[in-house]
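To start, the structure itself, in structure tokens.
The values are calculated or read from the model by the stated rules, or taken from the named source; none is laboratory data. None of these values were measured; they are calculated from a predicted model. All Cβ positions, even for glycine, are placed from backbone atoms using ideal geometry, and neighbour counts span all protein chains on display. Remember, those area values only see protein heavy atoms, side chains included, never the ligands or the DNA or RNA. Shrake-Rupley method; radii C 1.70, N 1.55, O 1.52, S 1.80 Å.
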Amino acid sequence: MAQEHHISVARTARYFQLGELTAATRQVWFVCHGYGQLAQYFIRHFAAISAADPSLVVVAPEGLSRFYLQGTGGRVGATWMTREDRLLEIDDYVGYLNQLAATLLPQASAEAQVTVLGFSQGAATVSRWLARAPFRPARLILWAGAFPPDMDFQAAGRLLRGLPVTLVCGDEDEFVSPADVEKQGAFLREFGVEPEILRFAGQHTLHAGLLQQLASRQL
């Protein structure tokens, strides 16, 4: 009978960034892509908000596991985890994102406000990360995705207590129905959070106008 073992190894992670982190940086956005996406393309959705505000920097980490989207060639995507060895994959990406934040945030103003946005699979990713992160964001945006219901109840409660949460979804999203959004809202209310719910005309994608609206708000 084969025995399963694990060892920890060092590996190289990739991220993309819009804007320069300096003492003048007032907003830092960490944005995590969905299943099968790559950070270099995902971050393009945020180019307009970065260009409009030089004090806003966008950081897009990329999932540690890449794969061919069809067969053995062609387009490549990335994923944050699969069901295989999932708990250790979660540990790996939480450690990666914590290290990235610890490297980048000291380069910004000490008063810089952090927004964390997760799209689709990235929504569960950022939720699990923030429950174990050494910093607290100014807000959490879950876009076309959900706060994972299997998280430790106490960890989830500590994270969500007093945290502004925004749920965003297209009205024609093929993966997230209006009922799913309402169910997610009800779940968050169990933790004392009244989420803001924003909808737009569209499918399973980001929306430039709503991103600009969120970026322009005072935190």
Index of the failed condition, residue 139 passing every other in (1) of a type in the set (D, E, K, R); (2) at pLDDT 95 or above; (3) open to solvent by 20 Å² or more (accessible area, probe 1.4 Å); (4) closer than 23 Å to residue 94 by Cβ: (3)
If only one of 200, 191, 153, 187 is aromatic (Phe, Trp, Tyr), free of Cβ contacts under 8 Å to residues at least 12 places away in the same chain and more than 19 Å from residue 35 (Cβ to Cβ), which one is it? 153
Take residues that are at pLDDT 95 or above, in contact with a Gly (Cβ under 8 Å, 6 or more places away or on another chain) and surrounded by fewer than 18 Cβ atoms within 10 Å (Cβ to Cβ) and tell me which of the strands (runs of 3 or more DSSP E) falling wholly in the range 9-117 contain 2 or more. 65-70
When the residues of the range 160-176 are filtered to those that are touching a strand residue (DSSP E or B) at 6+ places or on another chain (Cβ under 9 Å) and part of a loop (DSSP other than H, G, I, E, B), which remaining residue is surrounded by the fewest Cβ atoms within 10 Å (Cβ to Cβ)? 171
So which residues in the range 184-219 are assigned to a loop (DSSP other than H, G, I, E, B) and open to solvent by 60 Å² or more (accessible area, probe 1.4 Å)? 190, 192, 194, 201, 203, 207, 216, 217, 218, 219
Would you confirm whether or not the range 110-119 contains a residue that is more than 15 Å from the chain's Cα centre (by Cα) and farther than 22 Å from residue 45 by Cβ? yes
